[in-house]
């Protein structure tokens, strides 16, 4: 067909030339040039047709994608889970595709129908209804609805292999908390959760932005009740109880490195500069509007009525350093992690506190002061096939210390333990956990005597927390039913026993609110026994 077309075209051109003798030489040259151009255009068209035919054959012969099963993990690296290795450079993906075949590219010198950037929208929704009793004398049983770390994010990955960098990719992520149940505050501004830009290389991945610390991520999958009122952060990673877990944290303005996985091992290290102009770390970090180590509008955050007048004096720290080494191979998991907070400011605990019985509690200046706080932990897990399904066991031993603090006023130093077990039976998970905090050497604060009466007896309302046992235990049990790998229902019950001088909270990290030992005037009530039952639905997309 091609030869016939060319012959016909040539004949027409020659005949036209013969009828115009004065222009014969120029016309024949022009005919030959046009014939050459036609041959080139037809060759290019034939090549493009062949490429398109190969692409169509590739699409029609591609096997159908495998159907997701209930046992397949979602594998979302931004969920409350262990550190996930950065994915190996994947085959080229398309922003726009037909039948999964990419059809657009910006790579110079490459096929114009291949793209190298993938953009993913993803999210996690967890909404629960709760019944709880804080175990405090002036409160009863209450009901609540909470959005437990629901979030939405955008993730992008640009493959650099077609540009001459095999094994390299530019990556970025923006992730935000979504207040499904509560009225949004600045906590839900876009980018509040793990957000970063980074570069994948054959030698590991480096990222900058903000993220859960390696210390936190190393054992987060150990907790079967994450973000519920049974969350292990009631005690684990929590230095002194109350509203936050300082060593289960998302570090801002940070830089971190994730190594490749080698025979099951992966190392992660992070540094977060304090960015604080105050030598005692009592100011907001540069670029922030919240005291370091505090949640928005939470205790010590700098929000009105949450902090002492002198500024960030309730846990604000300077530089943060965090590292973890994880091992995941077959049924065995093992971790070791360490984290340091430099110059943690606790001067807000230093005061002369009058007691209602006529006495006073004096915390001398410098007794608590500004000092380093650090934590270290070892953990292990093992998965069995017990004939019923799979049985997953986890355990953690944790050490938290505050340096250079007078022992009688040091509530930030203690040892802790955690155990959990999850038995899978078909679509069901049946789980239980226990967390324990040893007593700390002392405490700088005072508490309200928990008489379980509306009006405590005169002269016995307050007592010095540093004079009594501050150990605590948390027990949780629950079930989860998986409709699919992406949707589930759960029911969890939790019980927290505070020693006479302890004031840990349920839901201190992740739940929409915490259930704490506080009276109606927000005074600490130590020694309470908090109870809660929560049920909810989760959906990942």
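For the reader, a short list of remarks on this structure follows.
- The one condition from (1) modelled with pLDDT of 90 or more; (2) within 22 Å of the chain's Cα centre (by Cα); (3) surrounded by fewer than 18 Cβ atoms within 10 Å (Cβ to Cβ) that residue 87 does not meet is (1).
- Number of positions in region 214-246 that are in contact with a helix residue (DSSP H, G or I) (Cβ under 8 Å, 6 or more places away or on another chain) and over 14 Å from residue 422 (Cβ atoms): 2
- Boolean, residue 361 is more than 22 Å from residue 240 (Cα to Cα), surrounded by 15 or more Cβ atoms within 10 Å (Cβ to Cβ) and touching a strand residue (DSSP E or B) at 6+ places or on another chain (Cβ under 9 Å): no
- For region 481-502, taking the residues that are without any contact (Cβ under 8 Å) to a residue 40 or more places away in the chain and in a strand (DSSP E or B), the one that is surrounded by the most Cβ atoms within 10 Å (Cβ to Cβ) is identified as 497.
- Exactly one residue out of 435, 461 is touching a strand residue (DSSP E or B) at 6+ places or on another chain (Cβ under 9 Å) and modelled with pLDDT of 95 or more, and it is 435.
- Screening region 267-282 for residues that are surrounded by fewer than 20 Cβ atoms within 10 Å (Cβ to Cβ) and touching a residue at least 12 places away in the same chain (Cβ under 8 Å) and picking the one that is nearest to residue 410 (Cα to Cα) gives 280.
- Breaking point among (1) surrounded by 19 or more Cβ atoms within 10 Å (Cβ to Cβ); (2) modelled with pLDDT of 95 or more; (3) under 15 Å from the mean Cα position of the chain (by Cα), for residue 172: (1)
- Residues considered: 527, 478. Of these, the only one that is assigned by TED's automatic domain parsing to the domain that holds residue 420 and part of a strand (DSSP E or B) is 478.
- If you check 264, 237 for being under 21 Å from residue 338 (Cβ atoms), crowded, with 24+ Cβ neighbours inside 10 Å and assigned by TED's automatic domain parsing to the domain that holds residue 372, only one passes: 237.
- Taking region 184-220 as the range and being within 24 Å of residue 509 (Cα to Cα), surrounded by fewer than 17 Cβ atoms within 10 Å (Cβ to Cβ) and modelled with pLDDT of 95 or more as the test, only 208 passes.
The values are calculated or read from the model by the stated rules, or taken from the named source; none is laboratory data. Note that the coordinates shown come from a computational prediction; the quantities given were computed from them, not determined experimentally. Positions of Cβ are generated from backbone atoms using ideal geometry, with glycine treated the same way; all protein chains shown enter the neighbour counts.
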